[in-house]
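A.B. asks: To start, I am sharing the structure in question, which I have written as structure tokens.
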Amino acid sequence: MEINKSELKKKANPATKAFNRESYFTDIKFDLNTKPIKITTKIDTGATYTVIGMENSYIKPFKDKLLKSSMRGIAYDASGTELKLYGYIVEDFRLTDEITLDKIKLFFSEDIGNKALLGMDILSLFDFQYLKEKRQNYGTFWINNYDEALKDLQTRRLNKDIDYIDPILIAAVDDAKENQ
């Protein structure tokens, strides 16, 4: 059986404009209130949530609207500092050239400035892997069998009778099944 895979294309660190093997950045795209947004995010397998800082120049115009979101939460960074999260449903979320989700809930926060993290809430929806390349000084993140994952996500959404992907709800259901 052939495995289809899609690359999370590596980008330079927005702060240093450099590539290194200690961190991996990639672009995500989505529509926020019909405005197309493209943000370079750090792939962070230690982050529970995908979080985009409200100080990002593309997000700032929507800050007041995001702060009024009824989908609020709290997370903690690696040092234990509390982060206030504001969930918001975005459209046409493009993870890679081959992977687009029509509607998904993302989190936004004032507490991380202009940074953006692609966390496990979204990554764990897929079969992802990191492969070290012998000819390069860094590796590549791949999403494997994405077509199967996309079909599964569509089925789950229809079963929950909601019109968007909620990664946290999916994780809670999966965790409950595993703990039975």
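The values are calculated or read from the model by the stated rules, or taken from the named source; none is laboratory data. The shown structure was predicted, so the numbers you read here are calculated from the model rather than taken from an experiment. All Cβ positions, even for glycine, are placed from backbone atoms using ideal geometry, and neighbour counts span all protein chains on display. Accessible surface areas use protein heavy atoms only, side chains included; no ligands, DNA or RNA. Shrake-Rupley method; radii C 1.70, N 1.55, O 1.52, S 1.80 Å.
A.B. asks: If you scan the stretch 58-75, which residues turn out to be open to solvent by 50 Å² or more (accessible area, probe 1.4 Å) and closer than 14 Å to PHE107 by Cβ?
C.D. replies: Passing the criteria: SER70, MET71, ARG72, ILE74.
A.B. asks: Looking at the stretch 23-43 only, could you name the residues that are farther than 13 Å from ASP97 by Cα, open to solvent by less than 40 Å² (accessible area, probe 1.4 Å) and hydroxyl-bearing (Ser, Thr, Tyr)?
C.D. replies: Within the stretch 23-43, SER23, TYR24, THR41 qualify.
A.B. asks: Hey, among the residues in the stretch 59-118 that are of a type in the set (Ser, Thr, Tyr) and under 17 Å from the mean Cα position of the chain (by Cα), which one's nearest to LYS10 (Cα to Cα)?
C.D. replies: The residue in question is THR96.
A.B. asks: Quickly run through the stretch 11-22 and pick out the residues that are surrounded by 14 or more Cβ atoms within 10 Å (Cβ to Cβ) and either in contact with a Phe, Trp or Tyr (Cβ under 6 Å, 6 or more places away or on another chain) or among the hydroxyl-bearing types (Ser, Thr, Tyr) (or both).
C.D. replies: Matches in the stretch 11-22: LYS11, ASN13.
A.B. asks: Any idea which of (1) modelled with pLDDT under 95; (2) part of a helix (DSSP H, G or I) is the one THR48 doesn't satisfy?
C.D. replies: In the conditions (1) modelled with pLDDT under 95; (2) part of a helix (DSSP H, G or I), THR48 misses (2) alone.
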